[in-house]
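The values are calculated or read from the model by the stated rules, or taken from the named source; none is laboratory data. Keep in mind the model is a prediction, meaning the values are calculated, not measured. Backbone-built Cβ (ideal geometry, glycine too); neighbour counts: all protein chains shown.
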Amino acid sequence: MKKQLYRAAAATVLGLSLTTGIVAADTGNIDTTGPNSSNHVSSHVSNSNWVRNHNSVSASNSNYQHAYTGRANVSGNTTGGDAASGSAMNDNSLDATVSVDNSASSSATTSSADPSASGGGSISNTGPYSNNSVSSTVHNSTSVTNDNWVSVRNSNGQSAVSGSANVSGNTTGGSATSGDASNTNSSSFDLSVTN
């Protein structure tokens, strides 16, 4: 009879030892622990975003124009008539539009981490005299670098020369008219960079 009592006491001591101790988890929930237990839930979330936009925009226009009218000459005639040189004209037009938009890349730097969803946890139904703690750390790091290089170059060389008008050596001279020489150039650049 005395031997059986010792066995029951030993079983009771063993049962108490199973309900105490330390329970820890990286994330999630701890449910139903015994008295005098130490329960800890710890989570760490780290988000790093790095975006670099390198834009090189160059617009260049080179225009060289030459307009020459012919020579109008009335000479060496008994009765000279009229001489007229035609017109010479050059025309050039350029319209360039360049647009660079990097605003969509800003969405890549937006952290989608929700501390309540990706971290944290809960501890419930613990025994008396328990030590419970839940800790959550969220670290967000964002780096955005925009390197924009924009160059506009417009070169325009124009030359307009009218021919000579000459009436000479005639008994009766007419008229000589030199034509018009003209150059026209128009350039329009529209450069837009949005970061």
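From the set of residues in the range 85-132 that are of a type in the set (A, V, I, L, M) and loosely packed, with under 13 Cβ neighbours inside 10 Å, which is modelled with the lowest pLDDT? Walk me through how you get there before you give the answer.
Keep residues of the range 85-132 that are of a type in the set (A, V, I, L, M), which gives 88-89, 94, 96, 98, 100, 104, 108, 113, 117, 123.
Okay, now just the ones that are also loosely packed, with under 13 Cβ neighbours inside 10 Å, so 104, 108, 117.
Details: Ala104: 80, Ala108: 66, Ala117: 45.
Only one residue fits best here, namely Ala117.
Do you know which residues across the range 156-165 are surrounded by 15 or more Cβ atoms within 10 Å (Cβ to Cβ) and either touching a Phe, Trp or Tyr at 6+ places or on another chain (Cβ under 7 Å) or under 17 Å from Ser85 (Cα atoms) (or both)?
Residues satisfying the conditions are Ala160, Ser162, Gly163, Ala165.
On the basis of being of a type outside the set (Gly, Ala, Ser), under 30 Å from Val51 (Cβ atoms) and assigned to a strand (DSSP E or B), does Val134 make the cut?
On the way: of a type outside the set (Gly, Ala, Ser): yes; under 30 Å from Val51 (Cβ atoms): no; assigned to a strand (DSSP E or B): yes.
Against the criterion (of a type outside the set (Gly, Ala, Ser), under 30 Å from Val51 (Cβ atoms) and assigned to a strand (DSSP E or B)), Val134 does not qualify.
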